[in-house]
């Protein structure tokens with residue numbers, strides 16, 4: 001069985017390429033508010049292990065529908081020969097400059113493609129496109145009308161009513177803002193056009209869902225790795241005795257601190273790009289790259305801290321859990337003779353420590369070693385504040401959320417505005433403690449083992465879920 | 001030394017580290033492709049095969065073997081074991097002719113060795129690493145990496161190798177001394193024990209080789225005859241009896257020092273291999289690899305890239321003032337249901353073309369307009385369009401045909417109108433009409449965007465109408 005093909009057709013500049021870009025997760029398709037941006041048809045097959053499940057075809061818009069229809073009507077005797085006449089039209093006008101776009105968009109239809117007719121629901125309904133719709137009807141192919149919205153106004157109901165007279169199915173779909181579930185729902189609607197298309201489209205949506213789940217897990221692993229790297233990062237410099245004498249401690253600290261901050265920012269940017277690539281976003285322009293953003297929402301600014309850090313109560317709770325686990329070890333050694341006092345005392349110490357010291361933005365410490373063989377080593381870091389980890393985590397998850405909810409037709413600037421709520425408090429206690437313990441471990445320069453790393457990744461994935469729920473007001 | 005499982009773990013971990021900067025989509029394609037190839041060949045995509053596949057396709061890597069450090073450590077332990085074994089046996093068999101070599105001391109040393117071997121193994125199985133600080137001092141990287149969970153086993157293996165070497169060196173030293181010296185063994189203890197119970201102890205210990213080498217099994221007479229006391233005068237007994245103990249000593253050394261170490265060394269090796277296999281199976285990279293191999297690779301059709309092929313949206317054209325026209329044509333439904341007065345005032349008939357009307361009707365419109373325009377010394381036609389609808393080939397055709405039919409001096413003004421006629425169309429919509437006018441290459445086709453809400457425009461138009469011939 002050949003895989004279904006869907007030709008996305010319509011009047012010029014109605015967002016056909018945007019629909020294809022979003023459904024094929026391709027942000028490299030030229031999209032512009034200019035008629036004629038798409039000059040040739042382009043196929044976008046969805047393949048699984050090299051086997052095509054369906055193909056979307058982006059096409060140029062109708063340029064001379066009345067002239068084409070006039071030709072068709074002049075060459076047809078009965079309704080039964082209409083599809084054949086459309087085919088003859090293509091053969092007749094191939095290479096003819098006047099009907100280049102019509103030939104490009106009708107070719108896939110004569111080869112068996114389904115019709116996805118796109119209109120812009122943000123402009124008033126017009127009955128002036130009937131020639132286009134009549135030509136499409138002449139092809140005899142199953143059809144679906146899609147009401148896209150390019151602008152802010154909404155005339156989609158009028159469009160839906162009118163299009164219902166010409167098309168089997170009419171759906172509203174905003175290529176820029178439709179959530180992922182709507183992508184799947186639309187693909188399933190494509191599958192409803194022909195009975196034999198249902199199965200491949202069902203398979204495709206199942207694979208897309210699995211891919212999305214996997215991407216989330218991979219994003220969590222990327223964030224966990226970055227968190228570990230950033231929390232344990234140390235800037236190191238070896239100085240000769242001459243350099244040591246020329247450089248004051250203050251100047252050395254300043255240089256190391258600047259370099260440390262630069263590296264941390266670079267590492268964060270590296271994570272951003274990795275997550276964007278994971279979701280096939282290769283051309284995202286972020287607000288944070290701007291200087292203005294740096295001054296307002298910089299990683300180390302107090303604003304970031306207020307937005308993404310956690311409060312003392314949160315720290316104390318997480319600290320109690322982490323301390324209790326340590327204290328439980330004492331109970332275990334005492335074979336339970338301590339009646340759980342170890343866990344209690346450990347928990348209280350952990351909570352008190354986190355409460356009193358965890359909320360201070362302690363700057364990373366400068367360490368200068370002793371002069372050995374004429375050389376002296378100076379290090380700066382790692383950061384001595386677990387809040388730093390929460391700031392990095394919050395910002396990373398915020399970025400992930402925006403990217404995972406961004407459609408590939410979106411070309412607008414990604415504005416990573418900070419949140420105004422301590423969303424992490426929606427995460428369950430066990431996962432909070434896992435994150436807290438891992439951050440503390442990194443801070444103390446103790447390497448994470450694979451088990452802890454996997455637990456941290458799983459906890460971050462849960463945190464991503466909590467953030468998603470909070471963002472979508474599900475909590 | 002069977003290290004293939006450890007090598008596999010190290011190679012796998014190193015490959016995972018190398019892959020960490022690769023895009024997940026690429027890794028998925030690579031590994032799924034491998035799994036599909038394996039399926040086609042009827043093979044199971046095991047980690048060994050995967051590593052071989054990856055190894056085959058990459059250039060040889062510079063060799064950095066983390067096991068070398070452990071091999072050096074094991075060699076160190078072995079050398080120390082040899083030295084210690086030699087020295088220990090020399091010490092145990094020290095005999096200056098004036099006193100006996102006390103079997104009890106040898107037994108105590110052998111039992112100590114047994115105990116140490118057992119502790120080493122228990123420690124490895126329990127995962128205790130009391131010596132870890134030493135390792136960390138020797139090599140800072142030891143606290144991380146895939147070998148970390150194997151450290152207790154590797155350490156046990158090194159320790160047992162040392163212990164085995166100690167045993168072998170001790171045995172060799174014993175045999176050499178037996179040949180070159182006349183050793184006099186006896187037994188002595190401060191404890192109030194009779195030769196009967198001492199015999200029982202020795203007989204129990206010698207049970208394993210009782211049938212294998214009867215000469216090495218102690219007999220009661222020998223035990224009775226070789227007890228000595230520090231201040232005793234038993235030298236009068238048969239001196240040959242003192243030397244008859246050496247086979248027993250050799251066998252107790254072999255059985256309780258060498259054999260346990262040998263068995264535990266093998267056990268440590270097997271344990272290390274098993275643990276390495278377990279670590280490989282539990283490696284986060286392995287879980288991800290299995291997922292990639294099992295899950296079909298999905299390509300959503302995102303390979304095509306024409307992002308750089310954007311149309312040129314720059315235009316030098318500017319909207320021109322609305323000319324005093326004699327013909328007004330509404331293109332493709334523009335102006336429906338009603339044209340604003342600003343535009344409609346002064347026109348006796350408003351023509352409609354494009355959209356749903358036929359091409360034949362378009363031709364009539366052109367001809368009708370021609371008659372009006374031809375009678376005017378400064379002919380001008382207004383074509384009102386919907387600003388949001390892009391200019392199409394049909395409009396270009398209409399203009400071309402009109403230009404061919406109308407007087408050559410006719411000024412054609414395209415008037416894109418917003419959805420709300422009282423408002424000016426947005427900038428980006430006007431621009432597409434300006435570019436369209438540019439593309440026609442006709443300097444007498446212009447774009448006008450009059451302010452429909454302004455009464456001035458209407459007055460201006462009315463004045464123009466008054467002066468119209």
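Just a few scattered comments:
- Candidates B:295, B:345, B:313: the one that is out of contact with any strand residue (DSSP E or B) (no Cβ under 8 Å at 6 or more places or on another chain) and at pLDDT 80 or above is B:295.
- Any chance residue B:321 is more than 11 Å from every other protein chain (Cβ to nearest Cβ) and exposed (fewer than 15 other Cβ atoms within 10 Å of the Cβ): yes
- Some residue of the range A:148-169 being at pLDDT 95 or above and in contact with a helix residue (DSSP H, G or I) (Cβ under 6 Å, 6 or more places away or on another chain): no
- Filter result (buried (at least 16 other Cβ atoms within 10 Å of the Cβ) and farther than 21 Å from residue A:8 by Cα) within the range A:69-81: A:71, A:72, A:76
- Leading residue by the ranking (farthest from the other protein chains (Cβ to nearest Cβ)) among those in the range B:431-444 that are assigned to a helix (DSSP H, G or I) and touching a strand residue (DSSP E or B) at 6+ places or on another chain (Cβ under 6 Å): B:437
- Leading residue by the ranking (surrounded by the fewest Cβ atoms within 10 Å (Cβ to Cβ)) among those in the range A:115-140 that are facing chain B (nearest Cβ under 9 Å) and assigned to a helix (DSSP H, G or I): A:127
- Condition check for residue B:379: in contact with a helix residue (DSSP H, G or I) (Cβ under 6 Å, 6 or more places away or on another chain) and farther than 25 Å from residue A:131 by Cβ: yes
- Note on the range B:346-386: residues that are without any contact (Cβ under 8 Å) to a residue 60 or more places away in the chain, more than 14 Å from every other protein chain (Cβ to nearest Cβ) and part of a loop (DSSP other than H, G, I, E, B) total 6.
- Filter pass, residue B:331 being touching a helix residue (DSSP H, G or I) at 6+ places or on another chain (Cβ under 8 Å), surrounded by 15 or more Cβ atoms within 10 Å (Cβ to Cβ) and within 14 Å of chain A (Cβ to nearest Cβ): yes
- Of the helices (runs of 4 or more DSSP H) entirely within the range B:1-103, those holding at least 1 residues that are under 30 Å from residue A:279 (Cβ atoms) and within 22 Å of the chain's Cα centre (by Cα) occupy B:4-19, B:24-40, B:47-57.
- Among the residues listed as B:76, B:91, B:81, the single one being surrounded by 17 or more Cβ atoms within 10 Å (Cβ to Cβ), assigned by TED's automatic domain parsing to the domain that holds residue B:258 and out of contact with any strand residue (DSSP E or B) (no Cβ under 9 Å at 6 or more places or on another chain): B:81
- Breaking point among (1) under 30 Å from residue B:180 (Cα atoms); (2) within 14 Å of chain A (Cβ to nearest Cβ), for residue B:103: (2)
- Yes/no for residue A:112 being assigned to a loop (DSSP other than H, G, I, E, B), within 14 Å of another protein chain (Cβ to nearest Cβ) and in contact with a strand residue (DSSP E or B) (Cβ under 8 Å, 6 or more places away or on another chain): no
- Extreme residue, nearest to the chain's Cα centre (by Cα), among residues of the range B:397-417 that are within 14 Å of another protein chain (Cβ to nearest Cβ) and in a helix (DSSP H, G or I): B:397
- Matching residues, the range B:38-83, being over 21 Å from residue B:147 (Cβ atoms) and in contact with a helix residue (DSSP H, G or I) (Cβ under 8 Å, 6 or more places away or on another chain): B:38, B:43, B:44, B:45, B:49, B:53, B:79, B:80, B:81, B:82, B:83
- Scanning the range A:270-290 for residues that are modelled with pLDDT of 90 or more and farther than 19 Å from residue A:28 by Cβ, we see that the one that is farthest from the other protein chains (Cβ to nearest Cβ) is A:271.
Quick grid of which residues meet (1) over 16 Å from residue A:275 (Cβ atoms); (2) within 12 Å of chain B (Cβ to nearest Cβ); (3) modelled with pLDDT under 85:
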{"site": "A:421", "(1), (2), (3)": "yes, no, yes"}
{"site": "A:425", "(1), (2), (3)": "yes, no, yes"}
{"site": "A:431", "(1), (2), (3)": "yes, no, no"}
{"site": "A:436", "(1), (2), (3)": "yes, no, no"}
{"site": "A:443", "(1), (2), (3)": "yes, no, yes"}
{"site": "A:459", "(1), (2), (3)": "yes, no, no"}
{"site": "A:463", "(1), (2), (3)": "no, no, no"}
{"site": "A:468", "(1), (2), (3)": "no, no, no"}
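- Residue B:391 meets each of the listed conditions (1) surrounded by fewer than 23 Cβ atoms within 10 Å (Cβ to Cβ); (2) assigned to a loop (DSSP other than H, G, I, E, B) apart from (1).
- The criterion of being surrounded by 15 or more Cβ atoms within 10 Å (Cβ to Cβ) and within 11 Å of another protein chain (Cβ to nearest Cβ) does not hold for residue B:271.
Matching residues to (1) facing chain B (nearest Cβ under 9 Å); (2) in a loop (DSSP other than H, G, I, E, B); (3) crowded, with 24+ Cβ neighbours inside 10 Å; (4) on the phi > 0 side of the Ramachandran plot:
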{"site": "A:7", "(1), (2), (3), (4)": "no, no, yes, no"}
{"site": "A:34", "(1), (2), (3), (4)": "yes, yes, no, no"}
{"site": "A:44", "(1), (2), (3), (4)": "yes, no, yes, no"}
{"site": "A:67", "(1), (2), (3), (4)": "yes, no, no, no"}
{"site": "A:83", "(1), (2), (3), (4)": "no, no, no, no"}
{"site": "A:86", "(1), (2), (3), (4)": "no, no, yes, no"}
{"site": "A:89", "(1), (2), (3), (4)": "no, no, no, no"}
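- In this structure, residue A:61 does not satisfy being more than 10 Å from chain B (Cβ to nearest Cβ), at pLDDT below 95 and not in a helix (DSSP H, G or I).
- The residue list A:201, A:222, A:186 contains one member that is within 13 Å of another protein chain (Cβ to nearest Cβ), crowded, with 18+ Cβ neighbours inside 10 Å and assigned to a helix (DSSP H, G or I), which is A:222.
- Which numbered condition residue B:468 misses (of (1) modelled with pLDDT under 90; (2) under 18 Å from residue B:351 (Cβ atoms); (3) within 14 Å of another protein chain (Cβ to nearest Cβ)): (3)
- Scope the range B:194-221; condition part of a loop (DSSP other than H, G, I, E, B) and either touching a strand residue (DSSP E or B) at 6+ places or on another chain (Cβ under 6 Å) or surrounded by 13 or more Cβ atoms within 10 Å (Cβ to Cβ) (or both); matching residues: B:213, B:217, B:218, B:219
- Search result, residues across the range B:283-318 that are more than 7 Å from chain A (Cβ to nearest Cβ) and surrounded by fewer than 14 Cβ atoms within 10 Å (Cβ to Cβ): B:287, B:294, B:303, B:308, B:312, B:314, B:316, B:318
- Single residue of A:408, A:402 found to be modelled with pLDDT of 80 or more and in a helix (DSSP H, G or I): A:402
The values are calculated or read from the model by the stated rules, or taken from the named source; none is laboratory data. Computed from a prediction, not measured in an experiment: that's the story for all the values here. Here the Cβ is made from the backbone with ideal geometry for all residues, glycine too, and neighbour counts use every protein chain on show.
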